[in-house]
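In what follows, a structure is listed as structure tokens, so that the remarks can point back to it.
The values are calculated or read from the model by the stated rules, or taken from the named source; none is laboratory data. Every value quoted in this text rests on a predicted model; they were computed, and no experiment measured them. With ideal geometry, Cβ positions are generated from the backbone for all residues, glycine too; neighbour counts draw on all protein chains shown.
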Amino acid sequence: MSQDVFANYQEDVKRVQDFYDTFSFTLDKVPNDGGWTASQCLSHICDSEIALSMRIRMMLTNENYQFASFDEDAFAALKVNRDARASVETFAALRRNNLDLLEGLNSEQLNTMGVRGNGEPISLIDYVAYMTKHVRTHLDQAVAASQ
């Protein structure tokens, strides 16, 4: 199971890069619904990977680590026109670094539990799998914003 999760997790780096390469000229287009621009989606993907990086390490070193939450809309509003290229590069570097760590973990470590902000327990491997779905959801949102 973990090898499939890791493969999907790594594949997201290419997905994010491909999105950037395809839509780089429309990243700041404000969608009709007033939602996030594609650039803001990329910034959020980057911010979420920063949070994931910390949570992985905290889960491995603190029993039943309670996730610290963050206000994603407030983060997106910090600077609306963040450098999308920097977000993509930071995301890719963090993913590669996290994967290097994750691939060295044993089954017990991958099943370490943490507690999400809503109080729901989640294993490390399930959280990594969830974050792949999270990236794909926001890439879909970014595609819609760019069109």
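For region 52-103, a residue qualifies if it is at pLDDT below 95 and among the aromatic types (Phe, Trp, Tyr), and the qualifying residues are PHE70, PHE75. Among the residues of this structure, ASP83 counts as one that is surrounded by 12 or more Cβ atoms within 10 Å (Cβ to Cβ) and more than 17 Å from MET1 (Cβ to Cβ). Go through (1) out of contact with any strand residue (DSSP E or B) (no Cβ under 9 Å at 6 or more places or on another chain); (2) in contact (Cβ under 8 Å) with a residue 40 or more places away in the chain one by one and return the number of the condition ALA51 breaks. All conditions pass for ALA51, except number (2). The residues of region 108-141 that are without any contact (Cβ under 8 Å) to a residue 12 or more places away in the chain and part of a helix (DSSP H, G or I), listed by number, are GLU108, ASP126, TYR130, LYS133, THR137, ASP140. In region 14-73, what residues are over 25 Å from LEU101 (Cα atoms), surrounded by 14 or more Cβ atoms within 10 Å (Cβ to Cβ), aliphatic (A, V, I, L, M) and more than 15 Å from the chain's Cα centre (by Cα)? Scanning region 14-73 gives a single hit, LEU27.
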